[in-house]
Amino acid sequence: MKEEAQSPVLVIGLGRFGSSTALTLQRLGREVLAVEQDAHLVQEWTGRLTHVVEADTTNIEALRQIGASEFDTAVIGIGTSVEASVLTCANLSDLGIGQIWAKSISVAHGRILSRIGAHHVLYPESDAGARVAHLVSSRMLDYIEFDEGHFAVVKIPPPLEVQGKLLSESRIRDNYDVTVVGIKSPGKDFTYAEPSTYVSPDDMLLVAGQIHRINRFAARP
């Protein structure tokens, strides 16, 4: 068996979420088998994805016929039918898939998916909405949330009070209880931040910390 990080991935559903997932996995060098019940979507993605098959994944026999049980990882991107999503998840669980990632359209849907075997439940719409809200309401240029809304990593221009100083001089951790983990200067790649790192007005900071503290730091002019 291949290591999980390199093993093929089964992607079910070729809507916006599923197709984006499949394309990205393929670009990352992963082998992908994409499965879709809609013949028009199968036709649309044939040639753009290496392996695309038409099948009804609510039928466990159909999953067996396409070799689903040989996969260690599956992504369920079905978003138009809660019933189809739930039945597909149950079938994959019965087939013994080691890692099932499933898209959910509501908290109740996600709770059901977890109970019937999904190891990771994704809320792409609500997660995207929360991310946009943080970006719109602050000076953040990018925002990634972890730990169920308690911790985040953000990209932000340096506040005036830290510009023209070494990180050790600006005392960001002491004053705001957040950590600058990386810095990007114009024309250069991101590098790890150190106490001796000099911060210029044109730099970008990668900052990690609890969300309420990140928001407080990001609100500085």
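Quick look at the numbers
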read-out: Complete set of residues in region 39-63 that are farther than 18 Å from Thr80 by Cα and among the hydroxyl-bearing types (Ser, Thr, Tyr); value: Thr46, Thr50
read-out: Residue check, Val75 crowded, with 17+ Cβ neighbours inside 10 Å, in the same structural domain as Ile105 (by TED's automatic domain parsing) and not in a loop (DSSP other than H, G, I, E, B); value: yes
read-out: Selected residue (criterion: farthest from Thr197 (Cα to Cα)) from residues of region 150-184 that are surrounded by 15 or more Cβ atoms within 10 Å (Cβ to Cβ) and among the small types (Gly, Ala, Ser); value: Ala152
read-out: Any hit, region 1-21, residues being modelled with pLDDT of 90 or more, acidic (Asp, Glu) and under 21 Å from the mean Cα position of the chain (by Cα); value: no
read-out: Matching residues in region 45-68 - criterion: being in a helix (DSSP H, G or I) and free of Cβ contacts under 8 Å to residues at least 12 places away in the same chain; value: Glu61, Ala62, Gln65
read-out: Unique match (being surrounded by 18 or more Cβ atoms within 10 Å (Cβ to Cβ) and more than 22 Å from the chain's Cα centre (by Cα)) among Leu25, Leu63, Leu33, Leu92; value: Leu63
read-out: Condition met for Ser19 (assigned to a helix (DSSP H, G or I) and among the hydroxyl-bearing types (Ser, Thr, Tyr)); value: yes
read-out: Subset tally (residues that are within 23 Å of the chain's Cα centre (by Cα) and free of Cβ contacts under 8 Å to residues at least 40 places away in the same chain) for region 193-211; value: 0
read-out: Test: residue in region 83-90 that is in the same structural domain as Arg16 (by TED's automatic domain parsing), closer than 20 Å to Ser7 by Cα and assigned to a loop (DSSP other than H, G, I, E, B); value: no
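The values are calculated or read from the model by the stated rules, or taken from the named source; none is laboratory data. Fair warning: this is a prediction, and the values are worked out from it, not measured in the lab. Here Cβ is always computed from backbone atoms with ideal geometry, including for glycine, and neighbour counts include all displayed protein chains.
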